[in-house]
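K.L.:
There's a structure below that I have some questions on.
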Amino acid sequence: MQLGVCYYPEQWPEDWWADDAARMVQMGIRYVRIAEFAWSRIEPEPGQFAWAWLDRAIETLHAAGLRVVLCTPTATPPKWLVDADPGMLAVDANGQPRGFGSRRHYCFSSPTYRAQSARITAAVAQRYGQHPAVAAWQTDNEYGCHLTVLSYSLAARAAFRTWLQAKYKSIDALNTAWGCMFWSQEYRSFEEIDPPVGTVTEANPAHRLDYRRFASSEVAAFNRIQTDLIRQHSPGRDVTHNFMGFFTEFDHHDVAADLDVATWDSYPLGFTQDFFLGAAEKARYARTGHPDIPAFHHDLYRGMCSGANKNRWWVMEQQPGPVNWAQWNPAPLDGMVRLWTWQAFAHGAEVVSYFRWRQAPFAQEQMHAGLHRPDRSLDQGGVEATQVASELKALGLHATGDAGTERPAMHARVALVLDYPSLWMAQIQPQGADYNPMEISFSAYSALRQLGLDVDIVSSRADVAGYALVVLPAHLREDSALAARLANSGAQIVFGPRAGAKNQYLSFADGLPPGAFAALAGVQVQRVSSLPPGVLDTVNWPNRALSGNSHWREDVQLQGAEAVAHFDDGHPAVLRHGRSWYSAGWPDAAGWKQLFSRAAEAAGLATEVLPEDLRLSRLGDCLYVQNFSRSSVHYAPSNHAQCLLGARDLAPQGLAIWKLQPSA
């Protein structure tokens with residue numbers, strides 16, 4: 001467990017660098033990420049490289065004993081490059097180029113920009129690939145940030161046509177798959193097909209889904225160019241990319257296939273303000289962040305890498321104070337930066353890196369806090385980072401080697417399946433304005449965590465053998481291969497509404513939903529309804545417990561399943577068929593907990609009703625108890641556990657770590 005920080009030597013006087021490096025070491029920082037936005041300083045004129053400043057910056061960090069995470073600077077191509085090649089710019093849905101003056105102003109499909117990206121990546125990797133300070137690499141920065149995955153440029157149009165021809169082989173096959181006989185949409189050749197944008201009303205959903213698949217594959221291909229070059233010139237170093245929160249514009253599993261370590265940028269307060277939580281929840285968690293937002297992404301990105309790199313992940317940017325980009329930007333309560341850091345470690349993070357070392361007094365992010373204020377004084381985030389480093393050292397957890405060695409393992413018995421094509425399907429055809437597949441996935445995850453369960457978030461391609469409970473909250477895509485693995489897994493299986501409803505072309509699944517999952521679920525969906533805000537169905541459970549249902553409801557025909565809970569009108573709301581459970585609607589928190597409690601009991605998993613906003617994580621032989629509430633909480637683990645940090649009485653924003661004793 002190690003700490004890092006994001007640093008921008010090009011933004012500060014050079015006579016500050018050595019002092020900054022010394023203070024980083026004193027604070028307990030080991031990894032320093034640099035240069036992700038430095039292209040104009042590295043190459044101020046075409047083909048003229050100015051390496052001297054970066055040489056000195058890396059040497060300064062190295063002399064202090066710090067490990068460098070060096071980035072490719074391709075998220076911010078310089079003005080001279082844009083002027084020389086304006087066709088490299090991404091184009092938005094209104095036909096406007098995404099112009100110079102901020103960042104991420106390139107199109108993933110531009111062949112000329114791919115060549116420039118390869119050129120600068122090779123130059124940086126050749127110069128620093130063997131430097132002893134360089135421990136890891138980051139490709140680009142936050143792929144797709146500011147909604148830049150989907151581009152409608154001429155380059156993207158040409159690449160899309162090539163992609164379609166490779167997929168369908170013949171235009172007749174495409175016309176059939178897309179249902180182009182509807183509204184006279186038939187094409188005579190692939191050269192007639194444009195991106196699905198600017199149409200009078202909704203474009204063909206199959207066309208839109210394929211464009212999402214195509215755009216996602218372009219991100220993976222763009223990233224692969226860089227990872228291949230880095231490994232060629234800097235073998236033996238970890239290669240990573242920093243993903244984002246609640247971001248679904250490309251399939252992260254495909255990009256992560258070319259990485260050694262998945263990282264993500266954790267901003268709990270910003271995500272709480274900007275995403276789908278209700279007004280009351282946003283107010284309640286305004287200064288702590290929803291406790292399950294970071295955890296959801298920790299468990300998601302922990303499941304990205306596979307093979308020898310399985311479960312390797314970092315937080316590359318940890319919020320240290322107020323941010324600048326959310327609708328509202330409150331300051332975290334004192335203690336939250338420490339708690340967020342420990343929460344990441346409790347979910348298996350190798351490194352937690354703070355953004356940023358010092359708040360910038362200029363430009364777009366000047367209102368974004370750092371570990372230090374612009375005058376170089378220590379801010380609250382820096383105080384708490386120092387405290388975490390001290391605690392790691394006292395516990396013997398502050399490793400002195402490189403990240404990734406001797407990592408304690410998580411042993412979650414619950415898997416939640418997150419399938420990016422299914423997310424795209426629901427986004428393209430939500431059928432209700434507020435049907436958000438990430439929201440229902442998060443709601444299911446949060447209910448599992450509130451029951452004290454550890455969760456792995458896995459791909460639809462993952463091996464689910466060994467899990468006791470597998471949850472599919474929003475798996476719209478018909479998936480016979482996954483259905484077969486689920487049938488052979490021996491796990492209890494929970495399907496959310498709309499499971500298996502669509503085939504790969506976003507048409508109805510054969511035999512009506514849930515398609516390939518029908519034999520497992522024992523139901524057939526006859527009719528669906530999206531429910532407007534304010535329309536709430538009551539769900540009645542056998543023990544007289546009540547829960548609510550909103551957003552979505554299905555009328556189902558029993559085909560072997562039996563009803564476990566009913567809507568007020570007597571129609572089945574939750575059904576069970578052997579090891580499978582099917583929700584015919586969108587449960588509220590109480591409904592999810594009722595359903596998961598029953599499924600977990602059938603799976604032999606122990607659950608517990610935790611105090612509100614208390615969360616548990618088990619890593620190796622330790623239990624991490626985290627209090628996200630504004631009140632003191634008492635929690636006493638069983639089994640004669642030994643307290644390593646904290647106590648049974650947790651202060652607000654408090655933490656306790658318990659070493660668990662082996663069961664008799």
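K.L.:
Out of (1) outside the structural domain of Ala491 (by TED's automatic domain parsing); (2) touching a strand residue (DSSP E or B) at 6+ places or on another chain (Cβ under 8 Å), what's the single condition that is false for Glu608?
P.N.:
So Glu608 meets the others, but not (2).
K.L.:
Among the residues of the range 469-476, is any surrounded by fewer than 16 Cβ atoms within 10 Å (Cβ to Cβ), in contact (Cβ under 8 Å) with a residue 24 or more places away in the chain and touching a Ser or Thr at 6+ places or on another chain (Cβ under 8 Å)?
P.N.:
Of the residues in the range 469-476, the ones surrounded by fewer than 16 Cβ atoms within 10 Å (Cβ to Cβ) are none.
The answer is no, given that none of the residues of the range 469-476 is surrounded by fewer than 16 Cβ atoms within 10 Å (Cβ to Cβ), in contact (Cβ under 8 Å) with a residue 24 or more places away in the chain and touching a Ser or Thr at 6+ places or on another chain (Cβ under 8 Å).
K.L.:
Name the pairs whose Cβ atoms lie under 6 Å apart, with the first residue in the range 187-201 and farther than 15 Å from Ile428 by Cα and at pLDDT 95 or above, the second in a helix (DSSP H, G or I) and among the polar types (S, T, N, Q), and 6 or more positions between them or separate chains?
P.N.:
Pairs found: Phe190/Gln165.
K.L.:
If a residue counts only when it is not hydrophobic (A, V, I, L, M, F, W, C), which strands (runs of 3 or more DSSP E) contained entirely in the range 451-503 have at least 1 such residues? Spell out how you get there, then give the answer.
P.N.:
Details: elements: 455-458, 469-472, 492-495.
Qualifying strands (runs of 3 or more DSSP E): 455-458, 492-495.
K.L.:
Thr74 - would you say it is in a helix (DSSP H, G or I), touching a helix residue (DSSP H, G or I) at 6+ places or on another chain (Cβ under 8 Å) and not hydrophobic (A, V, I, L, M, F, W, C)?
P.N.:
On the way: in a helix (DSSP H, G or I): no; touching a helix residue (DSSP H, G or I) at 6+ places or on another chain (Cβ under 8 Å): yes; not hydrophobic (A, V, I, L, M, F, W, C): yes.
No.
K.L.:
State whether the residues of the range 319-339 include one that is crowded, with 24+ Cβ neighbours inside 10 Å, among the polar types (S, T, N, Q) and not in a loop (DSSP other than H, G, I, E, B).
P.N.:
Scanning the range 319-339, I find no residue that is crowded, with 24+ Cβ neighbours inside 10 Å, among the polar types (S, T, N, Q) and not in a loop (DSSP other than H, G, I, E, B), so the answer is no.
K.L.:
Checking the conditions here, which among Leu610, Leu616 is within 24 Å of Arg284 (Cα to Cα), out of contact with any Pro (no Cβ under 8 Å at 6 or more places or on another chain) and not in a strand (DSSP E or B)?
P.N.:
On the way: Leu616 fails: not in a strand (DSSP E or B).
When all the criteria are applied, what remains is Leu610.
K.L.:
Would you check which residues across the range 17-55 are of a type in the set (Gly, Ala, Ser) and crowded, with 17+ Cβ neighbours inside 10 Å and list them? Even if it seems obvious, please write down each step before you answer.
P.N.:
Of all residues in the range 17-55, those of a type in the set (Gly, Ala, Ser) come to 18, 21-22, 28, 35, 38, 40, 47, 50, 52.
If the condition is that a residue be of a type in the set (Gly, Ala, Ser) and crowded, with 17+ Cβ neighbours inside 10 Å, then Ala21, Gly28, Ala35, Ala38, Ser40 are the ones that fit.
K.L.:
It is to be established whether one or more residues within the range 408-428 are farther than 23 Å from Arg302 by Cα, out of contact with any Cys (no Cβ under 9 Å at 6 or more places or on another chain) and of a type outside the set (A, V, I, L, M).
P.N.:
Let us first name the residues in the range 408-428 that are farther than 23 Å from Arg302 by Cα, namely 425-428.
Subset that is out of contact with any Cys (no Cβ under 9 Å at 6 or more places or on another chain): 425-428.
Next cut, of a type outside the set (A, V, I, L, M) only: 427.
Yes, that holds for at least one residue.
K.L.:
Contact list please: Cβ distance under 6 Å, first residue in the range 484-499 and in the same structural domain as Trp586 (by TED's automatic domain parsing), second residue hydroxyl-bearing (Ser, Thr, Tyr), pairs at least six apart or on different chains.
P.N.:
Ala491/Tyr467; Ile493/Ser580; Phe495/Tyr582; Gly496/Ser583; Pro497/Ser583
K.L.:
Of the numbered conditions (1) assigned by TED's automatic domain parsing to the domain that holds Arg114; (2) touching a helix residue (DSSP H, G or I) at 6+ places or on another chain (Cβ under 7 Å); (3) more than 26 Å from Glu317 (Cα to Cα); (4) not aliphatic (A, V, I, L, M), Phe250 fails exactly one; give the number of that condition.
P.N.:
Unmet for Phe250, out of (1) assigned by TED's automatic domain parsing to the domain that holds Arg114; (2) touching a helix residue (DSSP H, G or I) at 6+ places or on another chain (Cβ under 7 Å); (3) more than 26 Å from Glu317 (Cα to Cα); (4) not aliphatic (A, V, I, L, M): (3).
K.L.:
Can you tell which of Ala403, Ala415 is touching a Phe, Trp or Tyr at 6+ places or on another chain (Cβ under 8 Å) and outside any loop (DSSP other than H, G, I, E, B)? Working first, answer last.
P.N.:
Values: Ala403 fails: outside any loop (DSSP other than H, G, I, E, B).
Going through Ala403, Ala415 in turn, just one is touching a Phe, Trp or Tyr at 6+ places or on another chain (Cβ under 8 Å) and outside any loop (DSSP other than H, G, I, E, B): Ala415.
K.L.:
To continue, here is another question. Can you tell me how many residues in the range 522-581 are of a type outside the set (Ser, Thr, Tyr) and assigned to a strand (DSSP E or B)? First the steps, then the outcome.
P.N.:
Here is the first cut: in the range 522-581, the ones of a type outside the set (Ser, Thr, Tyr) are 522-528, 531-537, 539-546, 548-549, 551-579, 581.
After this cut, where a residue has to be assigned to a strand (DSSP E or B) as well, the list is 523-528, 537, 539-540, 546, 548-549, 551-558, 562-567, 572-577, 581.
Total satisfying the criteria: 33.
K.L.:
While we're here: Do you know which residues across the range 591-642 are basic (Lys, Arg) and over 22 Å from Leu469 (Cβ atoms)?
P.N.:
Arg630
K.L.:
From the list Pro408, Pro430, pick out the single residue that is assigned to a loop (DSSP other than H, G, I, E, B), surrounded by fewer than 20 Cβ atoms within 10 Å (Cβ to Cβ), at pLDDT 95 or above and not aliphatic (A, V, I, L, M). Write out each step before concluding.
P.N.:
Numbers: Pro408 fails: at pLDDT 95 or above.
Exactly one of Pro408, Pro430 is assigned to a loop (DSSP other than H, G, I, E, B), surrounded by fewer than 20 Cβ atoms within 10 Å (Cβ to Cβ), at pLDDT 95 or above and not aliphatic (A, V, I, L, M), namely Pro430.
K.L.:
Mind listing just one residue for me: the one in the range 540-551 that is in contact (Cβ under 8 Å) with a residue 12 or more places away in the chain and over 32 Å from the mean Cα position of the chain (by Cα) and, of those, surrounded by the fewest Cβ atoms within 10 Å (Cβ to Cβ)?
P.N.:
Looking at residues that are in contact (Cβ under 8 Å) with a residue 12 or more places away in the chain and over 32 Å from the mean Cα position of the chain (by Cα), I get Pro542.
K.L.:
Another question about this same structure. Here is a list: Ser617, Ser583. Which entry is of a type in the set (Ser, Thr, Tyr) and more than 26 Å from Arg302 (Cα to Cα)?
P.N.:
Working: Ser617 fails: more than 26 Å from Arg302 (Cα to Cα).
Just a single option satisfies the conditions, and that option is Ser583.
The values are calculated or read from the model by the stated rules, or taken from the named source; none is laboratory data. None of these values were measured; they are calculated from a predicted model. Note that we place each Cβ from the backbone using ideal geometry, even for glycine, and neighbour counts take in every protein chain shown.
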